[in-house]
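Below is one structure, written out as structure tokens; the observations come after it.
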């Protein structure tokens, strides 16, 4: 067994183990009752909102690429994004959706450095949007939690904001490394990334568009969670979801599980427990969110099958080159 499949096996073990522990700690009878009482029309509305989320994500990436003077046609961007979403959600692969996006963008004739930087900066915009959401919404949320929790929630939000800002500044100055290192390929790549970061985030018009659509995307994710929670009669508000989901999404970016499964469930049980959501309700909320995400990603598999360059090995090679 090669390293690739060992990594996949370990991620499966983490995802399965975490979910198993959570299932063993909840009231299964209450969970079944919630599922049977779920409101189908709210689930349908959540699926529709997931479809909108795909378009929002495509628009954000497209604007990032435009700001870098490297845009693709919108429909091409949509197809590549859908393929990346499929790899992120539906496959237990060692190849992530971002690697697939880089590869497919590169195969259109885009320079590899621009393909990499476009995907990276799209992710940066996503994370910054999460940070902004938390910072803005936390003051309105502290009344929902006890004084003990509020004492650490607010400082944590401030630290998160400072970390996000510092990270962006570091990216912008990566081309100021000592000149004696300039002949290294990695250093040259970092310099290109710094220049592209400044193009995207120091241009007021482009930065405003990118961050606005990022915020809209996170608000829509919170709305999706709210719709599912309403279908399960969990008694949460949209503001609750707006504040609680960003930390969950940040934890899901850790590459230790399959598509965030297990990590997301543990994080949501903990986060929604702060506002009194029972464990079985939060676990069902997370599982249904994940299943609907897989459902809406499946058309990306068809797009992948209909496209050229379908060899996973080629994607892995391009990812290693980056």
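At a glance:
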read-out: Nearest 10 degrees, 0 to 90: helix 112-141 Cα axis against the chain principal axis; value: 30 degrees
read-out: Cα Rg, Dmax, the chain, angstrom units; value: 20.3, 66
read-out: Spin-label pair residue 55/residue 250, simplified geometry with 7 Å Cα→Cβ offset, distance in nm; value: 3.0 nm
read-out: GNM top mover of 103, 184, 82 - the chain, alpha-carbon springs below 10 Å; value: 184
read-out: Relative exposure of 133, 228, judged by other C-beta atoms within 10 Å (fewest first); value: 133, 228
read-out: Value at 222 nm in deg cm²/dmol, rounded to 500, when DSSP H runs of n ≥ 4 in the chain each add -39,500 (n - 2.57); value: -26500 deg cm²/dmol
read-out: Likely footprinting exposure, 292, 227, fewest C-beta neighbours within 10 Å first; value: 292, 227
read-out: Between helix 312-321 and the chain: long-axis angle, C-alpha atoms, 0 to 90°, nearest 10; value: 60 degrees
read-out: 20 °C / 1.002 mPa s Stokes-Einstein diffusion coefficient of region 20-78, Kirkwood radius on C-alpha pairs, µm²/s; value: 144 µm²/s
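Read the figures in this text as sums done on the coordinates, not as results from a lab. All of these numbers come straight from a predicted model, not from anything done at the bench. Don't worry about glycine lacking a Cβ; one is built from the backbone with ideal geometry, like all the others, and counts go over all protein chains shown.
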